[in-house]
Amino acid sequence: MGTWQGRLGVAEFAISGTDHDTARIVAARVAVLDDDGGELARWDWGSDRADAVVGEVAQTLRTLLVLGVPIATFDASSGLTVLDRECRRRGIDPLVDPSPILDPLLLDSLIEPEFEGGRSLNAMAERYQVEPGSLAAGRIVRAMAQREEFSGTLAALHARQRSMSDGWPVVPLEDIRLIEDTQPIPAPDPRPSDTVPMFDFSDTGVLALEPPDDPVPPESADPPPASPPPSAPVPTPRRIHVAAAIVTDTAGRAIVVRKQGTTGFMQPGGKIERGESALATLIRELREELGLEVDVDATEFLGSYEAAALNEPGQTVRAEVFALVTDAELRPTAEIDAIYWLESPDDTGSVELAPLTLDVMLPLWAARRPALF
C-alpha cells in the first residue's frame, strides 16, 4: 500500500478544440475528496460562466496546492496545458510548476507497465472497480493508493510521473504568438456579398506583359545609413517562489528576521522546493529559522502576492502568504542572524524592511489586527 493518505483535489475540464495552444476551456469542475472518497467541497463552472472559468479555476487550484492538497486530473498535460494557455491569453497569472499532480493515465503505467488494454478514463474506472463519471479521476487515484506500487511521498510520485513524459504536467510554450487571438471575439458579421465586385477571368487567354525597362539610377545617391548595432537582450526578471508568514505573538507583535550576510529584515519563510507544497515549505522553514513547530490547524492562508526581491536586485518574489499566532519562545537558528519584533504595522522606521514586508505584509497585518487583538 502507498504511504500517502489525506485529502485529494480533483480537476475536470471541458475543452473545445484539439490544439493545446488554441483550445478553450468552456466548463470545469474542482472538488476536494476526504479520506473515504466523500465530497468535502465542489465548485462548478458551466458554459454560462465561461468568462469566469479561467481565473477562478486557476486560483482555486493554486490555493489547494499551496495548502498541500494534491490534485488528481486525468491526462494532466492536456487540461493543465490548456489552462496555462488560457491564463496567458487573458493576462492571468498561470500556475507555476504546479505540484503535486496525480495523473491516473501515467500512474497506471507505473502500476501496470505491461498492461496492453485501453487506458481511457472509463476503462480504468472499470478496471479499478470505481464508479465512472464525474470525479472518477479522484476515485481511481484513491484505488491506486491501495496498491503496493503506489509508494513514496507525493513529491516522489510527482517526480516519477514527470520523468515519464516531456512537458508534463504543463507543456512549455515555445512561442507566445501561438496563443494570440487572430480575430475579435465575437467575430464581426460578414459583409454583404453583393457589394463585392466579381470578375470572371476564365476566357481571357494568356496574359503577356513586356519586361519593364531598367530603372534609371538617380543622379546621386547617398549611402544608406549604417544599421545600429543590435542591442543586448534584456533579461527577463526571474520570479522567486516562496512561502512566508505573518507570525504574531499573544501581545500582537509581529516577528521579522534578518539572514546572515544581509542588512534587511523580512518575514520568516523561504523558497519552495520542486515538488513541495507552500505549506510544507512554511513548516520546514519556520522550524529551521525560529525553532517553531507550526500548528497547521491554526494557520491561515491569506493568498498569493508579489513584490521586489530584497537581496536579489531586479528579481521578483512571489509569496504564498500565511498567518499564525504563537506563544512559543522564538529564537534565531540556522541562517538567521537576528530577529526583531514589530510593535505595530506602523513600525516601519526601526529597521530596514524588505519590499514584501512593507508593501504586502504590513497592510495585511493591519487589516487583520483589529479582529485579533
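Picking from 46, 37, 55, which residue would you name as being at positive phi and surrounded by fewer than 21 Cβ atoms within 10 Å (Cβ to Cβ)?
37
Can you tell me how many residues within the range 264-298 are modelled with pLDDT of 90 or more, more than 21 Å from the chain's Cα centre (by Cα) and not aliphatic (A, V, I, L, M)?
So the answer is 12.
I'd like the residue in the range 1-14 that is among the hydrophobic types (A, V, I, L, M, F, W, C) and surrounded by fewer than 18 Cβ atoms within 10 Å (Cβ to Cβ) and, out of all such residues, is modelled with the highest pLDDT.
Filtering the range 1-14 for residues that are among the hydrophobic types (A, V, I, L, M, F, W, C) and surrounded by fewer than 18 Cβ atoms within 10 Å (Cβ to Cβ), the one modelled with the highest pLDDT comes out as 14.
Which residue pairs have Cβ atoms closer than 8 Å, lie 6 or more positions apart in sequence or on different chains, and pair a first residue in the range 292-309 that is assigned by TED's automatic domain parsing to the domain that holds residue 269 with a second residue that is of a type in the set (Val, Ile, Thr) and assigned to a loop (DSSP other than H, G, I, E, B)?
Here the result reads 292/326; 295/326, each pair linking the range 292-309 to a residue that is of a type in the set (Val, Ile, Thr) and assigned to a loop (DSSP other than H, G, I, E, B).
Just one of 309, 366 is small (Gly, Ala, Ser) and farther than 18 Å from residue 96 by Cβ; which is it?
Unique residue meeting the criteria: 366.
Can you report the number of residues in the range 296-329 which are of a type in the set (Asp, Glu) and touching a strand residue (DSSP E or B) at 6+ places or on another chain (Cβ under 7 Å)?
Counting residues in the range 296-329 that are of a type in the set (Asp, Glu) and touching a strand residue (DSSP E or B) at 6+ places or on another chain (Cβ under 7 Å) gives 4.
Return the total of residues in the range 241-296 being in a loop (DSSP other than H, G, I, E, B), more than 18 Å from residue 326 (Cα to Cα) and not β-branched (Val, Ile, Thr).
Qualifying residue count for the region: 8.
For the list (1) in contact with a Phe, Trp or Tyr (Cβ under 8 Å, 6 or more places away or on another chain); (2) touching a residue at least 60 places away in the same chain (Cβ under 8 Å); (3) surrounded by fewer than 19 Cβ atoms within 10 Å (Cβ to Cβ); (4) closer than 18 Å to residue 28 by Cα, I need the number of the one condition that residue 153 fails.
Residue 153 satisfies every listed condition except (4).
Please enumerate the residues belonging to the range 317-373 that are closer than 18 Å to residue 249 by Cα, assigned to a loop (DSSP other than H, G, I, E, B) and of a type in the set (Ser, Thr, Tyr).
Those that are closer than 18 Å to residue 249 by Cα, assigned to a loop (DSSP other than H, G, I, E, B) and of a type in the set (Ser, Thr, Tyr): 326, 344.
Identify the residue in the range 117-134 that is among the charged types (D, E, K, R) and at pLDDT below 90 and, among all such residues, is farthest from the chain's Cα centre (by Cα).
So, considering only residues that are among the charged types (D, E, K, R) and at pLDDT below 90, the one farthest from the chain's Cα centre (by Cα) is 131.
In the range 260-274, what count of residues is obtained for those that are surrounded by 13 or more Cβ atoms within 10 Å (Cβ to Cβ) and farther than 14 Å from residue 243 by Cβ?
Total satisfying the criteria: 3.
Considering only residues of the range 309-325 that are surrounded by fewer than 19 Cβ atoms within 10 Å (Cβ to Cβ) and modelled with pLDDT of 90 or more, which is farthest from the chain's Cα centre (by Cα)?
The qualifying residue farthest from the chain's Cα centre (by Cα) is 325.
I need every pair where a residue in the range 164-176 that is within 17 Å of residue 90 (Cα to Cα) has its Cβ under 9 Å from the Cβ of a residue that is of a type outside the set (Lys, Arg), sequence separation at least 6 or different chains.
Final answer for the pair search is 173/21; 173/81; 173/84; 173/179; 175/21.
The values are calculated or read from the model by the stated rules, or taken from the named source; none is laboratory data. Nothing here was measured: the structure is a model prediction, and the numbers come from that model. Quick reminder, even Gly has a Cβ in these numbers, built from the backbone with ideal geometry, and neighbours come from all protein chains shown.
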